[in-house]
Amino acid sequence: MDAVVAEYIRRTVLRIPRSEIGKMLALWGFLSENQLQSINLHQLKENLSQEVVQLCEENGATIKHAANLDIIYNYTYRDKKNWTVYKMTREGGDENVIFDFVDFKNKFKTSLRLLLKNITITFKKYEDNSLWIRVAWGTQFKKPNQYKPTYVVYHSQTPYVFISHSIFKSCKAMLFQALLAAASYSEIHEMDLRSRCLDSLKDIVFKRYNQNVQTFNPQPLQERNSALENVDPRIIQEDRNKKETIRRINEEDFGNGTLPKLQYAQYKVKKNYANAYICNKTKDG
């Protein structure tokens, strides 16, 4: 087994919480049941990682096996990454394209390897219909840096891609080109949504939550009634109609569900000023 592979597996095991090591190694599926049972999970973590490396050496682990373990770790602890949402579009807005997993993989790998030979690409599909892609980038003269990979989460039949970047701008351009070619889209642009909570970002873009709207002030009933006595009834009715409209629109857009967490959101407001100018006047004494 390559020394780079051995060291990467050792470091990955050290990152896993002790209570989860046995479970995560079982999910990995690379070690046999007898090998898993032979591991002493109660020894020093450094010794534990070395024991796992020794078993992987016996099985002839490659960088693809190590990368697969890394994806499992990052899928389990996905909130440790910073995620950015991107949306892809097609010319004419046609979204009726059937997704084929094998075809997507082949096009993605072919597109990247035509541009860069020193690269490690790993795929893993999960039951929630998400496709996880791990890309470790090298250069024309250096092997891929396995410690600074890019993670891509793509849900088939949707235009959304969730990316955790650890790459240079040139690599980002190559990644976008590969995604567009593999998923049969023509353009990709960044949405102003970033967060560590990947599941919340999915809830937002897939509109799987209900945005609760505060429709009243928590005042005592007697105080509210006395305050409303002096308000024009037409204003009260207008306020009720507005709140009902907001509630209905939110429910139509986002449906029902728990409110997602979001650490970052950016909104851009564009204002056009027609024939606007500023005059500076001076006053003589």
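Could we say that Lys124 is open to solvent by 20 Å² or more (accessible area, probe 1.4 Å), in contact (Cβ under 8 Å) with a residue 60 or more places away in the chain, not in a helix (DSSP H, G or I) and not β-branched (Val, Ile, Thr) here?
Numbers: open to solvent by 20 Å² or more (accessible area, probe 1.4 Å): yes; in contact (Cβ under 8 Å) with a residue 60 or more places away in the chain: no; not in a helix (DSSP H, G or I): yes; not β-branched (Val, Ile, Thr): yes.
Answer is no for this residue.
Kindly provide the set of residues from the range 50-86 that are under 14 Å from Tyr8 (Cβ atoms) and surrounded by fewer than 17 Cβ atoms within 10 Å (Cβ to Cβ), ordered by number.
Gln50, Glu57, Thr62, Lys64, listed by residue number.
Output yes when any residue across the range 151-171 is modelled with pLDDT under 95, under 24 Å from Ile72 (Cα atoms), of a type in the set (Phe, Trp, Tyr) and out of contact with any helix residue (DSSP H, G or I) (no Cβ under 8 Å at 6 or more places or on another chain), and no when none is.
No, the range 151-171 contains no residue that is modelled with pLDDT under 95, under 24 Å from Ile72 (Cα atoms), of a type in the set (Phe, Trp, Tyr) and out of contact with any helix residue (DSSP H, G or I) (no Cβ under 8 Å at 6 or more places or on another chain).
With the structure loaded, tell me whether Leu31 is open to solvent by 30 Å² or more (accessible area, probe 1.4 Å), under 21 Å from Gln146 (Cβ atoms), among the aliphatic types (A, V, I, L, M) and in contact with a helix residue (DSSP H, G or I) (Cβ under 8 Å, 6 or more places away or on another chain) or whether it fails that test. Explain how you work it out, then say what you get.
Values: open to solvent by 30 Å² or more (accessible area, probe 1.4 Å): no; under 21 Å from Gln146 (Cβ atoms): yes; among the aliphatic types (A, V, I, L, M): yes; in contact with a helix residue (DSSP H, G or I) (Cβ under 8 Å, 6 or more places away or on another chain): yes.
Here the answer is no, as Leu31 does not meet what is asked.
Only residues that are β-branched (Val, Ile, Thr) and either free of Cβ contacts under 8 Å to residues at least 12 places away in the same chain or crowded, with 18+ Cβ neighbours inside 10 Å (or both): list them for the range 87-109, please.
Step one: filter the range 87-109 for residues β-branched (Val, Ile, Thr), giving 89, 97-98, 102.
Answer for the range 87-109, where residues must be β-branched (Val, Ile, Thr) and either free of Cβ contacts under 8 Å to residues at least 12 places away in the same chain or crowded, with 18+ Cβ neighbours inside 10 Å (or both): Ile98, Val102.
The values are calculated or read from the model by the stated rules, or taken from the named source; none is laboratory data. Since the structure is predicted, the reported quantities are computational estimates derived from the model, not experimental observations. With ideal geometry, Cβ positions are generated from the backbone for all residues, glycine too; neighbour counts draw on all protein chains shown. To get the accessible areas, we keep the full protein, side chains included, count just its heavy atoms, and leave off ligands, DNA and RNA. Shrake-Rupley method; radii C 1.70, N 1.55, O 1.52, S 1.80 Å.
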